[in-house]
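A.B. asks: I have a structure I would like to understand better, so I am pasting it below and will then ask my questions one at a time.
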Amino acid sequence: MLQNNSKSIPFNHHDPKYQCCCNAIHVKQGARAIAINVLLFITGNIIFKALGLLDIRSNLELILLIINAVVVISLLYGIITENARLLQPFVILNVLTVILLLLLAIFFISAAYDPRSFAAEYVKYAIKSQIKQITQNTSISQEEDVAMTLSVFLTVAVALLALIHCWFIYIIIRCARYFRDLQPIKQSFMDGYTAEWLRDSCLFVDNPIQMQT
């Protein structure tokens, strides 16, 4: 109950350091929006897989999908209970994701820079079945040019995806900071309320004369 009414506790909830999106919304609301959207995305993937509409090529992909679901559920529960520790798995997972995306971006950059590199050969191999169709519909006439163009596009796409994950990390970390800053105030508020309630109860019980009168 205290978590749901934490805004009634004397605390500067609307400090700029607890705001995001150009101070438009509170970090808790931003974190909740991230958690819900990511959870819906993962749930959709699981449903599509169950219906046979999504091709998951290996058990590893399915395991990673389940891990992501567990992490996001932990994030959502941590936001509801205002527990900063439950937000940590999401941050760690996104940091690892950003690292992998940066490595992937470097891979595509090398493919775009050197058309004869291993990365470029891999890209050409991956799109080999579509090379002829692509070259017929555009002015590009060589596989190397197609691979370079696709590598540049993939580099930009991966970089944007990494920025989105960094934005997620930024908001969740600020939300965790809000919960940590709020926690001692909540605890002292709860301790004071409990002490006052116990004192009043003891006075009431220890004074039978007052009860009779």
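The values are calculated or read from the model by the stated rules, or taken from the named source; none is laboratory data. Just so it is clear, the model here is predicted, and its values are computed rather than measured. Every residue, glycine as well, gets a Cβ built from its backbone with ideal geometry; the counts of neighbours run over all protein chains shown.
A.B. asks: Which of the numbered conditions does F153 fail, given that it passes all the others? Conditions: (1) at pLDDT 85 or above; (2) within 29 Å of A31 (Cα to Cα); (3) among the aromatic types (F, W, Y).
C.D. replies: Result: F153 fails condition (2) only.
A.B. asks: Inside segment 41-127, counting only helices (runs of 4 or more DSSP H) that do not spill past its ends, which hold 3 or more residues that are touching a His at 6+ places or on another chain (Cβ under 7 Å)?
C.D. replies: Numbers: elements: 59-81, 88-113, 118-126.
Qualifying helices (runs of 4 or more DSSP H): 88-113.
A.B. asks: Continuing with the same structure: Name every residue in segment 164-193 that is closer than 23 Å to S74 by Cα and among the aliphatic types (A, V, I, L, M), in order of residue number.
C.D. replies: Applying the first criterion (closer than 23 Å to S74 by Cα) to segment 164-193 yields 164-184, 186-187.
Selection gives I164, I169, I171, I172, I173, A176, L182.
A.B. asks: Now a separate question. Here is a check on your reading of the model: is T135 within 22 Å of L96 (Cβ to Cβ), part of a helix (DSSP H, G or I) and modelled with pLDDT under 95?
C.D. replies: Details: within 22 Å of L96 (Cβ to Cβ): no; part of a helix (DSSP H, G or I): yes; modelled with pLDDT under 95: yes.
Here the answer is no, as T135 does not meet what is asked.
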